[in-house]
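Working notes, structure below.
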Amino acid sequence: MLTGGQLAGLIVAVFWAVLVSFLAYTLLRLARLLRDAGEVVHEIAEQAGPLLDDMNRTVRRANEQLGRTDVITKQAAGITQNVSAVTTVMTSVVGGPLVKAAAFSYGVRKALGGRGDSAADGAPQLPRPREGGGRKGGRR
């Protein structure tokens, strides 16, 4: 039979064998995990280059379009200013004489139509002032 020291040595040896086996298994799994992670990083690195090139092209095209939009906006602002100037000129050229012509034609109609015939031209009638200064019953 085994003595106490031999039994203790056997238990320690079995414990160390189990511990080494567990550590070896863990290290193998860790090595596999690191290898897979390396492959993923390599694949990402291969795809990152073309992806960055596409992004650069997209940003460049967007900047070109923004430049064109800026030119169009400036041209639209110029057109707006031109239309405003034309409107001002047309108002001063046509508006002033048109108002004068309308006033003149109104005056001519009034003169030709007679003074007492103002109800016939559709103008509203104002009430005539009362005799006696506008007070009821005259002066006190």
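What follows draws every value from the coordinates through simple rules; no lab data is involved. Bear in mind that the values here come from a model prediction, so they are computed numbers and not experimental data.
Could you give me the radius of gyration and the Dmax of segment 1-79, taking only the C-alpha atoms into account and expressing both in angstrom?
33.3, 112
Give me the percent of Cα-Cα pairs in segment 28-118 that sit more than 19 Å apart, rounded to a whole number.
Here the tail beyond 19 Å accounts for 75 percent of pairs.
Quote the convex hull volume per residue of segment 53-105, based on C-alpha atoms, as a whole number of Å³.
In segment 53-105, the Cα convex hull volume per residue is 46 Å³.
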